[in-house]
């Protein structure tokens, strides 16, 4: 067999080794081209991905809803402080969770992971919120920092947090009805918070950093504590109280129980959480006799030395009005007051005239809405015209309903030389008060009312109060009213009230306390106002008087100085 000559060519004339080498080079070039093409594609893909990630990292959607929400979040509310600068309400930052659905990569994964750390958000809710192309949707507002950290650890694209302002009330429920609360968007929805939105923040004026109120946080806390104790002590269903400065009309403290926690606005919707001081009208019973006496003595138709026959009840058709604990004899005007005689009060009002009495109620502002800054107010319920029997029952506080703040403002005027000042929740100087005050009774009649209130504390139905607040020269009037159910008075449920002022040698403050359906504290006590509302008032006065700079006075000559010269 012959061996081929390596130098031989094939029939086509091509050299075999040269052909093999050329094929190798072609394949190598093709492979290199494919590799470079693949690398180029990969680089392009990674470039697109990196570009998108950078875009997502720096981009904020220009969605109008988001911009509007963000605008609201950055609009802080002014801090609320008491008259001494103590904080009542502050803005703090809280993280809120939102999503950008158009940037969600895997909805199922996002729903599952979010539900695992926020079980309060149902999977249906999350899916509905995330399944769309919106630029901004809220998922959960005002989370804790710990919960924020858990969500961040999920590493979900399209889910993030924004810090928004949250209203915080350091005192909790202590001043809830007075301060009110805000909604999730930090907008005032009740109390002074709502007033701020309507009258202060919704204007062209520069937003203040803080707003000072007239209340004293120390007084507010003491008032709250004593009323809370009364709910337990007397097993009452509700209690309320208000303390005002008689010289300026400033509210120093205002509490209504049951109350709520403004840090949890939903608690304000629970049953019975109304502000009984300004938004509740009640028959305040014999506390209203103070109004009748003040007007009658101011009119000149009745004198402090007059006497009226309270031997028998007063008949109106088939109805007879009598006294709860009648003396059944002729009584002097001071005796009618300290024995709280309904019969004597009726005769006193009749000597004055029922139409004059009705006109005086209007002069005292009982027909007008409260001028206080709180939006939660209510008008009194008083007939426009008085018949003989309506005037008779109204003279001792039955058949008419007023707010406790109406009564507190009236008591303040009666002891402040007859000058009526509308109540306010903002600081007011005595000079400012002098410009807006109006005389409703004469200074002489005011001195007589001070004497009657102090007499009742020493000898009448307010002795329990006086014993507790001994030394602070308080005076007051009890009011025990049977509650109305199904249009009829019921004898086993009382609404008790106490109206007071102190110190009566130089009146500074007026106080009204109400207790709804109190029970006897013990078998030896009673369930009328002197045993509960009066005692609560005494404990409040004893506690707050030192805070307000009032020193105790035990000189008996001070009480003697309150007695009218004609009676000495």
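The values are calculated or read from the model by the stated rules, or taken from the named source; none is laboratory data. Quick caveat, the model's predicted, so the values are computed rather than measured. Here the Cβ positions follow ideal geometry from the backbone for every residue, glycine too, while neighbour counts run over all protein chains shown.
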> Of the residues 369, 404, which is surrounded by fewer than 18 Cβ atoms within 10 Å (Cβ to Cβ) and closer than 15 Å to residue 423 by Cα?
Replying inline: 369
>> Could you check region 198-235 and list, in sequence order, the residues that are farther than 18 Å from residue 81 by Cβ, touching a strand residue (DSSP E or B) at 6+ places or on another chain (Cβ under 7 Å) and either at pLDDT below 95 or surrounded by fewer than 21 Cβ atoms within 10 Å (Cβ to Cβ) (or both)?
In response: 228, 231
>> Considering only residues that are at pLDDT below 90 and not in a loop (DSSP other than H, G, I, E, B), which ones fall in region 168-197?
In response: none
> Can you pull out the residues in region 430-441 that are closer than 25 Å to residue 178 by Cα and part of a loop (DSSP other than H, G, I, E, B)?
Replying inline: 437
> Say we look at region 278-304 and pick out the residues that are part of a loop (DSSP other than H, G, I, E, B) and in contact with a strand residue (DSSP E or B) (Cβ under 7 Å, 6 or more places away or on another chain); which of these is surrounded by the most Cβ atoms within 10 Å (Cβ to Cβ)?
Replying inline: 284
> When only residues in region 240-262 that are under 28 Å from residue 141 (Cα atoms) and in contact with a helix residue (DSSP H, G or I) (Cβ under 7 Å, 6 or more places away or on another chain) count, which is surrounded by the most Cβ atoms within 10 Å (Cβ to Cβ)?
Replying inline: 262
> Of everything in region 117-158 that's free of Cβ contacts under 8 Å to residues at least 12 places away in the same chain and part of a helix (DSSP H, G or I), which residue is nearest to the chain's Cα centre (by Cα)?
Replying inline: 146
>> Given the condition assigned to a helix (DSSP H, G or I), within 38 Å of the chain's Cα centre (by Cα) and crowded, with 17+ Cβ neighbours inside 10 Å, answer yes or no: does some residue in region 96-114 qualify?
In response: yes
> Inside region 407-424, can you point out the residues that are out of contact with any helix residue (DSSP H, G or I) (no Cβ under 6 Å at 6 or more places or on another chain) and either assigned to a loop (DSSP other than H, G, I, E, B) or surrounded by fewer than 20 Cβ atoms within 10 Å (Cβ to Cβ) (or both)?
Replying inline: 416, 422
> Which residue out of 123, 165 is in contact with a helix residue (DSSP H, G or I) (Cβ under 7 Å, 6 or more places away or on another chain) and under 29 Å from residue 79 (Cβ atoms)?
Replying inline: 165
> Quick one: would you say residue 427 is within 23 Å of the chain's Cα centre (by Cα), outside any helix (DSSP H, G or I) and at pLDDT 95 or above?
Replying inline: yes
> How many of the residues making up region 530-568 are farther than 21 Å from residue 512 by Cα and assigned to a helix (DSSP H, G or I)?
Replying inline: 10
> Mind checking which residues of region 180-197 are crowded, with 19+ Cβ neighbours inside 10 Å and either over 14 Å from residue 166 (Cα atoms) or in the same structural domain as residue 426 (by TED's automatic domain parsing) (or both)?
Replying inline: 180, 190, 191, 192, 194, 195, 196
>> It is to be established whether one or more residues within region 315-329 are under 25 Å from residue 494 (Cβ atoms), at pLDDT 95 or above and in the same structural domain as residue 499 (by TED's automatic domain parsing).
In response: no
>> Here is a list: 525, 491. Which entry is without any contact (Cβ under 8 Å) to a residue 12 or more places away in the chain and in contact with a strand residue (DSSP E or B) (Cβ under 9 Å, 6 or more places away or on another chain)?
In response: 491
> In region 503-522, what residues are touching a residue at least 60 places away in the same chain (Cβ under 8 Å), part of a loop (DSSP other than H, G, I, E, B) and under 20 Å from residue 245 (Cβ atoms)?
Replying inline: 504, 507, 508
> Of 454, 450, 467, which residue is surrounded by fewer than 20 Cβ atoms within 10 Å (Cβ to Cβ) and either in contact with a helix residue (DSSP H, G or I) (Cβ under 9 Å, 6 or more places away or on another chain) or not in a strand (DSSP E or B) (or both)?
Replying inline: 467
> Among the residues of region 531-556, which ones are crowded, with 24+ Cβ neighbours inside 10 Å and farther than 19 Å from residue 235 by Cβ?
Replying inline: 538, 540, 541, 544
